[in-house]
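Here's the structure, in structure tokens; my notes come after.
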Amino acid sequence: MRSRPVTIRSIELAIVERAWQSGWIRPQRSRQPLFQRVAIIGSGPAGLACAQQLVRAGYRVTVYEKADRIGGLLRYGIPDFRLEKPVLERRLAQLHAEGVRFRTGVHVGSDLDMGELRRTAHAVVLACGSEQPREMHVPGRMLNGIHFAMDYLRQQNRRVAGDFVSSESVIDAAGKQVAVIGGGDTGGDCVGTAIRQGASQVTQIQYHECPPAHVDNLLYWPEPAPERCQSDHDEEGCKHIWEFDTVAF
Ligand SMILES: Cc1cc2nc3c(=O)[nH]c(=O)nc-3n(C[C@H](O)[C@H](O)[C@H](O)COP(=O)(O)OP(=O)(O)OC[C@H]3O[C@@H](n4cnc5c(N)ncnc54)[C@H](O)[C@@H]3O)c2cc1C
């Protein structure tokens, strides 16, 4: 509590990477297969975790995903510079080996009727995520060059994966001055992506005040202290504007 924290993430990461590399993490096939079928709609972390628990318990699990690849936001939200896709592929291979079946390109509700799914499966799990962006109702919102984070990140993830993106719809920050509104994981990933695309300047805008660089953790325990963390993007040149509300573009 009083000294520099230990890097638990790094320790856990080193342990699990060693386990994968040494072949200690193996598929766990159920020894008591059940006859009940479970359909899971959505292949993000919620759907995948659910599939793994159920298949290991013996259920016959099929995951339905409307996108062309499995993974939800792990695939099309979080950029490769933070989550390398082989990490996801490794886990998917484990799920395949444990018996989970995947059906991509199936939008339940339009490609596949929910009633039909209910007839063929004993239980249906909804793990569809949250796909509605929060709109900003301010003048100028519809001007060119203003994008939702997920339109930007999804497209960049596709480009990095080698998918074709037409030049008319491409969102590219190269050579541009970029303002990112919002300071969470999503905003941070937009900052990192814009920097990697070669933006001339990236500024992150947040409406709350700048947290202090150092605080007494004991005053806040067990809640996390509102301490300002230095991010990699700061070192990469991202500028910050605090206590700034967007009232118009
Ligand atoms: C840019 C970004 C960075 C993030 N970084 C972090 C982080 O560092 N740490 C962290 O803990 N969290 C992070 N998050 C949050 C985390 O990614 C989400 O909380 C998590 O992905 C939610 O998982 P989910 O399975 O509920 O939904 P999702 O990952 O959204 O998956 C839902 C899936 O369901 C599919 N689907 C929806 N409807 C249907 C349908 N009708 N038929 C078939 N398929 C359907 C969708 O296509 C999607 O693939 C980040 C999020 C974003 C956007």
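Some notes on this structure:
- Unique match (being of a type in the set (S, T, N, Q), within 16 Å of the ligand (Cβ to nearest atom) and at pLDDT 95 or above) among Q156, Q177: Q156
- Residues that are in a helix (DSSP H, G or I), touching a Gly at 6+ places or on another chain (Cβ under 9 Å) and among the aliphatic types (A, V, I, L, M) are absent from region 118-140 altogether.
- Tally, over region 86-114, of residues that are in a helix (DSSP H, G or I), within 14 Å of the ligand (Cβ to nearest atom) and not hydrophobic (A, V, I, L, M, F, W, C): 1
- Annotation: of all residues in region 36-60 being small (G, A, S) and within 7 Å of the ligand (Cβ to nearest atom), the one that is nearest to E116 (Cα to Cα) is G42.
- Search result, residues across region 184-217 that are within 16 Å of the ligand (Cβ to nearest atom) and either touching a strand residue (DSSP E or B) at 6+ places or on another chain (Cβ under 6 Å) or of a type in the set (A, V, I, L, M, F, W, C) (or both): G187, C190, V191, A194, I195, V202, Q204
- Any chance A67 is modelled with pLDDT of 95 or more, part of a loop (DSSP other than H, G, I, E, B) and within 7 Å of the ligand (Cβ to nearest atom): yes
- Pairs linking a residue in region 152-166 that is within 18 Å of E89 (Cβ to Cβ) to a residue that is within 14 Å of the ligand (Cβ to nearest atom), with Cβ atoms under 7 Å and 6 or more positions apart or on different chains, are N157/R75; N157/Y76; N157/P79; V160/D80.
- Close Cβ contacts (under 7 Å, 6 or more residues apart or on different chains) running from residues in region 68-88 that are more than 14 Å from D189 (Cβ to Cβ) to residues that are part of a helix (DSSP H, G or I) and away from the ligand (no atom under 12 Å from the Cβ) comprise I70/L92.
- Members of region 45-79 found to be closer than 12 Å to A127 by Cα and surrounded by 21 or more Cβ atoms within 10 Å (Cβ to Cβ), listed by number: G47, L48, A51, V63, Y64, E65, G71, G72
- Scanning region 194-249 for residues that are charged (D, E, K, R) and in contact with a helix residue (DSSP H, G or I) (Cβ under 9 Å, 6 or more places away or on another chain) yields a count of 4.
The values are calculated or read from the model by the stated rules, or taken from the named source; none is laboratory data. Fair warning: this is a prediction, and the values are worked out from it, not measured in the lab. As a convention, Cβ positions derive from the backbone with ideal geometry for all residues, glycine included, and neighbour counts pool all protein chains shown.
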